[in-house]
Amino acid sequence: MTIEEALKTAIEFEQGVKHVYADAAKKFVDPVASKVLKVLASEEERHVEYLESRLTEWQKTGKVTVERLETAIPSKAAIEAGLKQLEKRMGQQDFAIELEVMKKALELEVEATNFFRRMVSELASDERRMFARFVEIEEGHEAIVQAEMDALTGLGYWFDYSEFRLENA
């Protein structure tokens, strides 16, 4: 696969994921789950913009400069605030719809991670760096979606923080 094909494919893929998140965020009753999806949709939009800028550069110059790509991974303080809200919302609603959407979101994130890993393995060394950053970010997205699923199903963890401890019970 050429760098141009990789960029065009990545743009198409990220646009699809963005639309899934944006549409699902509008349907969610739970405000926290909706916010997670909105953040992910926004993140995917930034990915599209980044990839489009790299494609434009490639088409104009025949080169791709790897620029820094930021992510919206939450801070420790945001996670702790989310934990406080988690206790309030669990048990108040049926999260079946949200859980189904999160399962689909996790599938999309795993697919995205695998796509970008493939680009890292197939492209020339200079071009790999850009897609390696996407692997890191998409793995973070997987973790966020899995954390939300764990919170919705009450498995005891949210963003790798224990909701409860047996020794405290």
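The modelled label-to-label distance between SER53 and ALA124, using points 7 Å beyond Cα along the C-beta direction, is 2.3 nm. Rounded to whole Å, give me the distance from the Cα center of the stretch 1-54 to that of the stretch 112-145. First find each Cα centre; the distance between them is then 15 Å.
Subtracting the Cα-Cα distance of MET1 and ILE97 from 0.36 nm times their residue separation leaves 30.8 nm of extension gain. Rounded to the nearest whole Hz, the Karplus-based 3J(HN,Hα) values (6.51 cos²θ - 1.76 cosθ + 1.60, θ = phi - 60°) of the stretch 64-69 follow the sequence 10, 8, 7, 9, 4, 10, with x at glycine and proline. Using the average count of surrounding beta-carbon atoms within 10 Å as a protection proxy, the listed peptides 123-132, 62-71 rank, highest first, as 123-132, 62-71. Computed 3J(HN,Hα) for the stretch 109-124, one whole-Hz value per residue from the Karplus formula 6.51 cos²θ - 1.76 cosθ + 1.60 where θ = phi - 60°, is 5, 5, 4, 5, 4, 5, 4, 5, 4, 4, 5, 4, 7, 9, 8, 4, glycine and proline marked x.
Quick note: the coordinates plus some simple rules give every number you see, no bench work behind them. This one's a predicted model, so the numbers in the text were calculated from it and none came from an experiment. FYI the Cβ positions are ideal-geometry reconstructions off the backbone, even for glycines, and counts take in every protein chain you see.
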